[in-house]
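Asks: Got a structure for you, questions after.
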Amino acid sequence: MNTLILGGSGRIGSYFYKKNQYLSYRKNKINKGIYFDLTKQKISKIIKKFNINKVVFLSAVSDTDFCYKNSKKTFFINCTKTQSILEELIKLD
């Protein structure tokens, strides 16, 4: 079983790595990680390419200063795009 951890380079995601797991990153590149920009890419391509069976969603904008100063962008990433990725995953099931 292959697992994809979205947000694999973040605070929590960076602690995860085991056999048959893939970690995603956008800004903080990680060795053997998968680049994924949830604002521009479809998750289905990664799911198919790496034969992913399970997704752990840890991706988010979490810097409180950034969130406060950029509330619309934060909402878009943390809420709107999260919902669209979940809907895409449901369609793949």
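Coordinate-derived values only; no laboratory data. As the structure is a computational prediction, the values presented were derived from the model and not from experiment. Heads up, the Cβs are rebuilt from the backbone with ideal geometry, glycines too, and the neighbour counts pull from every protein chain shown.
Asks: Spot the failing condition for residue 84; the list is (1) within 18 Å of residue 8 (Cβ to Cβ); (2) within 13 Å of the chain's Cα centre (by Cα), and only one is missed.
Replies: (1)
Asks: Taking segment 56-82 only, how many residues are in contact (Cβ under 8 Å) with a residue 24 or more places away in the chain and touching a helix residue (DSSP H, G or I) at 6+ places or on another chain (Cβ under 6 Å)? Quick ask: steps written out before the conclusion?
Replies: Pass one, segment 56-82, residues in contact (Cβ under 8 Å) with a residue 24 or more places away in the chain: 56-60, 62, 76-77, 81-82.
Right, trim to touching a helix residue (DSSP H, G or I) at 6+ places or on another chain (Cβ under 6 Å) and you get 58, 60.
So the count comes out to 2.
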